[in-house]
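Data block below; observations after.
The values are calculated or read from the model by the stated rules, or taken from the named source; none is laboratory data. None of these values were measured; they are calculated from a predicted model. Note: ideal-geometry Cβ built from the backbone for every residue, glycine included; neighbour counts use all protein chains shown.
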Protein chains: 2
Amino acid sequence: MSTPAAAAPGSEENWLRLDSQICFSLQAASRAFNGVYRVILKDLGLTYPQYLVMLVLWEEGELPVKKLGEHLRLDSGTLSPLLKRLESAGLVRRERSARDERSVEVRLTEEGTALRERAVRVPRRIVAATGLDLREIGELRERLDQLTSALDTAALEEELGDGG
Amino acid sequence: MSTPAAAAPGSEENWLRLDSQICFSLQAASRAFNGVYRVILKDLGLTYPQYLVMLVLWEEGELPVKKLGEHLRLDSGTLSPLLKRLESAGLVRRERSARDERSVEVRLTEEGTALRERAVRVPRRIVAATGLDLREIGELRERLDQLTSALDTAALEEELGDGG
DNA sequence: CACAATTCAGTTGTGCACAACTAAATAGCC
DNA sequence: GGCTATTTAGTTGTGCACAACTGAATTGTG
């Protein structure tokens, strides 16, 4: 916090500060985004994850819970209650697929479709809030996606018994 | 997902894709980090937020809940139950301050102090998992902190009635 | 001293993330 | 057909984030 430059870089001790930085900064940024979205989405009555679900539905039309989860990297444990809330808010309907009864199709109601009109202003405000231009955003996004895929790979390898 | 370059950049419609990208990428990276930490910290019996608390305590010694929250940007609603869990795990003690009875001092137990020995290996594994070198990490961190502070400022302005 | 405002930890309630599990439906194989 | 394995939503339980509130202690002011 007060001494940005760590001494004796070879020492494991000092790593106990460094390491937390990148993931901590990342989480702080993620939560800061969440805060901005919270304020902006309040008008629409959506949380940020709900907004993401609506984005996918506006783009893809109807789709099963499974596909939705793949788009957003969320499992049914997260999506099921979230979708129930969207349903009781009157924005989506959930119906068992006729051709595969295991699957549940999620589709927009008229109200859900109509909400798009009001949501269309959100992105510009978000981009403005970042203070970045589109190029910078693109660069940062690229770095982050790269980082995510490296981390995913590493997590898999760790899980497979590489004790470090 | 499939068409990285959006057409007709002037259209508000297309922003409904773009915007989600940066924050989505950010959250994805944040969750990916969480996944790696989950695997690595399992041995220590800590979650990632608990690990962050321990990092601060290892660095700062004892300190009141309030200060802890300032370091980690967390409020008592998050910290109180978390600290209870750390306490029942035998890693910390919580005691009302003698000089100010509103304040609760959090301090390490012997066991909590001893855990540092085993935690000292975590950072290196995390850094390795990112696939980045320390310079790249520093650069990314700087960008993210900048972004966070821009977002915090914007959230404040939004909240103060700037209807966008 | 008395009184209002502030500070601090804690509680409650809502919502998300994820692991582990259940139950039902489907697919593949004999 | 009968069997197992897989797929798919859903449920349960744990933990975190945060808003709103409570209650106790402290501070500031007269």
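When the residues of the range A:54-87 are filtered to those that are within 12 Å of DNA strand D (Cβ to nearest atom) and among the β-branched types (Val, Ile, Thr), which remaining residue is nearest to the other protein chains (Cβ to nearest Cβ)?
Top of the filtered list is A:78.
Here is a check on your reading of the model: is residue B:98 surrounded by 14 or more Cβ atoms within 10 Å (Cβ to Cβ) and either touching a residue at least 60 places away in the same chain (Cβ under 8 Å) or of a type in the set (A, V, I, L, M, F, W, C) (or both)?
Considered against the rule, which asks whether it is surrounded by 14 or more Cβ atoms within 10 Å (Cβ to Cβ) and either touching a residue at least 60 places away in the same chain (Cβ under 8 Å) or of a type in the set (A, V, I, L, M, F, W, C) (or both), residue B:98 comes out as no.
Within the range A:123-157, can you find the residues that are of a type in the set (A, V, I, L, M, F, W, C) and either closer than 17 Å to residue B:150 by Cβ or not in a helix (DSSP H, G or I) (or both)?
Across the range A:123-157, the qualifying residues are A:126, A:127, A:128, A:129, A:132, A:134, A:137, A:140, A:144.
Being out of contact with any Lys or Arg (no Cβ under 8 Å at 6 or more places or on another chain), within 23 Å of residue B:67 (Cβ to Cβ), surrounded by 14 or more Cβ atoms within 10 Å (Cβ to Cβ) and hydroxyl-bearing (Ser, Thr, Tyr), is that true of even one residue in the range B:140-148?
Yes, the conditions are met somewhere in the range B:140-148.
Residue A:106 fails exactly one of the following numbered conditions: (1) assigned to a helix (DSSP H, G or I); (2) touching a Leu at 6+ places or on another chain (Cβ under 7 Å); (3) modelled with pLDDT of 95 or more. What is the number of that condition?
The one condition residue A:106 does not meet is (1).
All but one of (1) more than 11 Å from DNA strand C (Cβ to nearest atom); (2) more than 30 Å from residue A:124 (Cβ to Cβ); (3) at the interface with another protein chain (Cβ under 9 Å from one of its Cβ atoms) hold for residue B:39, so report the exception by its number.
(1)
Looking at (1) out of contact with any helix residue (DSSP H, G or I) (no Cβ under 6 Å at 6 or more places or on another chain); (2) not in a helix (DSSP H, G or I), can you tell me which one residue A:78 breaks?
Condition not satisfied by residue A:78: (2).
Among residues belonging to the range B:43-61 that are within 14 Å of DNA strand C (Cβ to nearest atom) and at pLDDT 95 or above, point out the one that is farthest from the chain's Cα centre (by Cα).
Once the filter is applied, the top-ranked residue is B:57.
Of the residues A:92, A:104, which is free of Cβ contacts under 8 Å to residues at least 60 places away in the same chain, farther than 29 Å from residue B:148 by Cα and over 20 Å from the mean Cα position of the chain (by Cα)?
When all the criteria are applied, what remains is A:104.
Inspect all residues belonging to the range B:155-162 and state whether any of them is at positive phi and away from DNA strand C (no atom under 16 Å from the Cβ).
Among the residues of the range B:155-162, at least one is at positive phi and away from DNA strand C (no atom under 16 Å from the Cβ), which makes the answer yes.
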